[in-house]
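Undergrad: Have a look at this one.
The values are calculated or read from the model by the stated rules, or taken from the named source; none is laboratory data. Bear in mind the structure is a predicted one, so any value in this text is a computation, not a measurement. With ideal geometry, Cβ positions are generated from the backbone for all residues, glycine too; neighbour counts draw on all protein chains shown.
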Ligand SMILES: [Zn+2]
């Protein structure tokens, strides 16, 4: 099943900080920044969106770690009136809380907009952009929840 035919939003150009994140999307890999100092001190230290410094401790010892791509719906809204005429409505904008902790602002797809609920399990899917990058969206996760990170 294709995720969407009509979802081609404007997306920002990669910069020095977000470049590696965008490069990973070309391979349909969802990556998160992880702070080496926080990991040494036994904090999760995982953040999104990409930043120059760790939001927890201010360190610049950030590395990229691949997300398991699963999480839960934290909140969502159904958009019935498109901000631009080429966007098909209705569609669902959501905050998805990944199992690693960070929250993504994203879209929910493959289910009727009114059928979603808070805390639904979701997994990542990809919408390819014309320039080779891809955008992560989320679809229902039929598989049982599996442990990716303990305690998060
Ligand atoms: Zn840190």
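Undergrad: Specify the residue that is surrounded by the most Cβ atoms within 10 Å (Cβ to Cβ); the eligible residues are those in region 49-63 that are within 17 Å of residue 103 (Cβ to Cβ) and more than 10 Å from the ligand (Cβ to nearest atom).
TA: Within region 49-63, the match that is surrounded by the most Cβ atoms within 10 Å (Cβ to Cβ) is 50.
Undergrad: Same structure, new question: Could you identify the single residue in 86, 66 that is more than 14 Å from the ligand (Cβ to nearest atom), modelled with pLDDT under 95 and under 25 Å from residue 132 (Cβ atoms)?
TA: Within the list 86, 66, the selection yields 86.
Undergrad: Which members of region 15-48 meet the condition of being more than 14 Å from residue 67 (Cβ to Cβ), assigned to a loop (DSSP other than H, G, I, E, B), in contact (Cβ under 8 Å) with a residue 12 or more places away in the chain and more than 16 Å from the ligand (Cβ to nearest atom)?
TA: 18
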